[in-house]
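**Student:** Quick one: structure below, then a few questions.
Any read-out appearing in this document is the output of simple, stated calculations on the displayed coordinates, not a laboratory observation. What you see is a predicted model, and the numbers here were worked out from it, not measured in a lab. Using ideal geometry, Cβ is built from the backbone for each residue, glycine included, and neighbour counts are taken over all protein chains shown.
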Amino acid sequence: MPARKTRWVAITLPFFLVPITCPAGTIAQSGKASVAPVLHDVMPGVVNISTRKVEVVDSPVLRDPVMRELLDIPDRALRRETQAAGSGVIVDAARGYVLTNDHVVKGGTNIEVITKENRRFKAQLVGRDQATDIALLSIKAENLIAIPFGDSDLLEVGDFVLAIGNPFGLGQTVTSGIVSALGRTGLGIEGYEDFIQTDASVNPGNSGGALITLDGRLIGINTAILSRTGGNVGISFAVPINMARLVMAQLIANGEVKRGRIGITLRSSNGSGSESNRGEEVEGAIIESVEQQSPAALAGLAKGDLVTTANGIPIKSSAQLRNFIGLTPVGTEIDLTVRRGNSALAAKVRVEPVQKRATQNAKRNL
């Protein structure tokens, strides 16, 4: 990681001075603060995605057989071709892999990737996962530049970030902001949610674009905004890159995400921790029930256990543990640390394939 310099920069509102730590190279020779050197390195890694889709035209006229006969409309449903624009991120230059959102390419019959240098390539869909809104494309091209991965687990509220994409089809655009919140869930946008919230301006067309840190590391895929008007109001969401990488690995291996389960249900979490027996708040996920003869039961897990870590990663909520299990490949063992009363126990649990009986309440049965 580049060496960092601390520089005092005046902020106009409110009127005080704050120290801003920037990567070496972001301070221009003139002495002004700038992220231009970082953008020079990463912007070639952000691409525009053009998708042609065939849609069925539906209207009351088409559903009325009398009107269809009067207007001489064919019996078959009319179809029209539409074109949509989004963004994507080159994450592997050698293999030509491009990460984007599932909703950007869903239903696309012809997907084209356009680089910053205006080179155009026909893209192949490696795989897509609607539950996380992540899709992976591949293009055959030379001299691509990929954006290096960061670690989204290291993000903190208040970190400066940059959003790069193709808003409103204008072409590459950069906006800046801070991380407003982490671990956003319950928005109903995706099946598996653990969003990074930022106030960096994100608008239609930014979907699938890059959220990067000031040292030029990819830490999120811009996915959605919260808005009553459809335009940016300062509440934007990105899929953490650590989650996207797990999805990407399964898409490369299987063309889809094969989710598994361990045979537990989790108590709903309010996101502020869980009450321990001594009345103190403890972060984690509380097991509400354990199925008989399930991997969890065979590992010794029981109702009331508080899961605090998974493979050494601190678990802060039931949603986080659900996401972790849902993105762990079937057949893989997970090392869990659980708190039972005043004791800490270790359990090794193997993820098994999802059976039909477990799909009715997939959001709670893991």
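**Student:** Output wanted: per-residue J couplings in Hz (rounded whole) for the range 136-142, from phi through Karplus 6.51 cos²θ - 1.76 cosθ + 1.60, θ = phi - 60°, x for Gly and Pro.
**Tutor:** Using θ = phi - 60°, the values come out as 10, 10, 9, 10, 9, 7, 9 Hz.
**Student:** What residues have an amide H closer than 5 Å to that of Asn110, excluding those fewer than 5 places away on the same chain, when H is modeled at 1.01 Å from N in the peptide plane?
**Tutor:** Excluding prolines and chain starts, which carry no amide H, the hits are Arg52.
**Student:** Give the value in nm², to one decimal: projected area of the alpha carbon convex hull of the range 152-254, averaged over all directions.
**Tutor:** 6.8
**Student:** A follow-up question, please. So, by mean Cβ neighbours within 10 angstrom, what's the order for 290-296, 213-219, 337-343, 130-136 with the highest one leading?
**Tutor:** Output ranking for 290-296, 213-219, 337-343, 130-136: 130-136, 213-219, 290-296, 337-343.
**Student:** Set the bar at 29 Å for Cα to Cα. Now go through Lys122/Lys258; Lys106/Lys258; Lys116/Lys258; Lys106/Lys303; Lys106/Lys316 and name every pair that lies beyond it. Intermediate values should be presented prior to the final figure.
**Tutor:** Numbers: Lys122/Lys258 27 Å; Lys106/Lys258 19 Å; Lys116/Lys258 34 Å; Lys106/Lys303 40 Å; Lys106/Lys316 32 Å.
Over 29 Å Cα-Cα: Lys116/Lys258; Lys106/Lys303; Lys106/Lys316.
**Student:** Follow-up question, since we're still on this one. What net charge is computed for the residues neighbouring Ser176, neighbours being all others with C-beta under 12 Å from the C-beta of Ser176, Lys and Arg scored +1, Asp and Glu -1?
**Tutor:** Values: positive: none; negative: Asp159, Asp199.
Result for the neighbourhood of Ser176: -2.
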